[in-house]
């Protein structure tokens, strides 16, 4: 728009009369105000049209992908108020399930830490201060295999929404549903675990994936078992001894006290059952699983937007959503090729080549013995080397650091890795890591994963395609990912029902009262 203003009109005080005879126009002040007002209206109209246009495009995307906004639809999940889930909470917070009684499930999966621990790599057994969780938790110098760094070779996955996985749990999928139908919740079908041969059913796995995975942290020397408890004995013996410990029937008694039988009788509604009959590890795993399955946090701003609330997310987040769902050929980031559906995962295994830091899984790649072969460790197939399960993005803003080894501290950094993975490896910023993390073999191990990724891309087996992006585009996608956060999952007060406290029984006096790195209670 061009506005012509006669040059002969001069500025005057507002209270001074102005002649209207000069070309018959309004005073300059009034003309300027009209121009500015018109410009504001035009800008507002343009912005309104832009908002309507981006909403129209997103509505089409939502329909195209068949999204409901709620990945828990159609699933029957326990409440945290259910008796067995409440028993599971007590077990989850008790150090009595740690072989050396210095760790609990919650040591690596605290609700106030996003259902994980906010560490790149966890410190399980032999922490210098067992009650300290999250940043500030360190391996004791007197612990086995001390090297100053963390002891667990992979990033701790969140327990939030764990019940929404249908195919497999753990980064490498070693607890897996063998049902071709992948029954909702991973329930009711045959389940394979590390205790069974490949493609064979584990008869002790229980009736859902979550109960099955609850059987394994207690058997890991680095996570909970320790290096001397039932040394050399198989997993079943470890579990049986832990159940006997809780039942208080070992001699001499390992626990200072135990009222676990009362808790199990109440939860399973079997008031006359004997300890040996009721306190079994199958029941322990089932109760822990029900507690974890009750952690349903899906009430997100994105869900409200999908349901019709167009003001639930910002314009930047909407622009990020379009980049997220749009494929490469139309200028998008193609994220939904793997992070698909309402749970934002295809539950498949892909090579991403995020930096391999830490101790690794002990896999020998010909150059180092600190590598992690990922899915190949489960299948034995070299074609699966360096492939890891696609993580869900629901509540992803609460679960940093990112990657199977927790190499990236921010959403922006891990988004950039997806766009330019090889460049991200060789320009990796080690300053984002906590102190003492083992990095000496990072470039060798990750370089080999990068070679495998390039092979996958060239063969058309990888959905990734390197592309450039601006900082603004990356920040917009990060803004969209922030909208996948349930406000309750970010609130200590809202999470209190899932955190064992003073109002809950402490059956053995070994509850882990979690502290942060500065000594305050989580």
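Each reported figure results from applying straightforward, stated rules to the coordinates on display, with no laboratory input. Bear in mind that the values here come from a model prediction, so they are computed numbers and not experimental data. As a convention, Cβ positions derive from the backbone with ideal geometry for all residues, glycine included, and neighbour counts pool all protein chains shown.
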Subject >> Those residues of the range 496-511 which are assigned to a loop (DSSP other than H, G, I, E, B) and touching a strand residue (DSSP E or B) at 6+ places or on another chain (Cβ under 7 Å), in sequence order >> reply: 500, 508, 510
Subject >> Qualifying residue in the range 71-84 (condition: in contact (Cβ under 8 Å) with a residue 24 or more places away in the chain, in contact with a strand residue (DSSP E or B) (Cβ under 9 Å, 6 or more places away or on another chain), farther than 30 Å from residue 308 by Cα and surrounded by 15 or more Cβ atoms within 10 Å (Cβ to Cβ)) >> reply: no
Subject >> Unmet requirement for residue 210, which otherwise passes all of (1) closer than 26 Å to residue 146 by Cβ; (2) in a helix (DSSP H, G or I); (3) touching a strand residue (DSSP E or B) at 6+ places or on another chain (Cβ under 8 Å) >> reply: (1)
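Within the range 379-495, which helices (runs of 4 or more DSSP H) (wholly inside it) include 2 or more residues that are out of contact with any helix residue (DSSP H, G or I) (no Cβ under 9 Å at 6 or more places or on another chain)? Working first, answer last.
Numbers: elements: 411-419, 421-426, 442-458, 471-482.
Correct list: 442-458.
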**OP:** Could you grab me the full set of residues in the range 325-352 that are closer than 20 Å to residue 308 by Cβ and outside any loop (DSSP other than H, G, I, E, B)?
**Re:** 325
Original post:
Does residue 390 fit the bill of being in contact (Cβ under 8 Å) with a residue 40 or more places away in the chain and more than 15 Å from the chain's Cα centre (by Cα)?
Top reply: no
**OP:** Scan the range 221-259 for residues that are part of a helix (DSSP H, G or I) and out of contact with any strand residue (DSSP E or B) (no Cβ under 9 Å at 6 or more places or on another chain) and report the count.
**Re:** 17
Original post:
Of the numbered conditions (1) more than 30 Å from residue 496 (Cα to Cα); (2) surrounded by fewer than 18 Cβ atoms within 10 Å (Cβ to Cβ); (3) touching a residue at least 60 places away in the same chain (Cβ under 8 Å), residue 308 satisfies every one except a single condition; which is it?
Top reply: (3)
**OP:** Tell me, please, whether a residue that is surrounded by fewer than 21 Cβ atoms within 10 Å (Cβ to Cβ) and touching a strand residue (DSSP E or B) at 6+ places or on another chain (Cβ under 6 Å) can be found in the range 113-133.
**Re:** yes
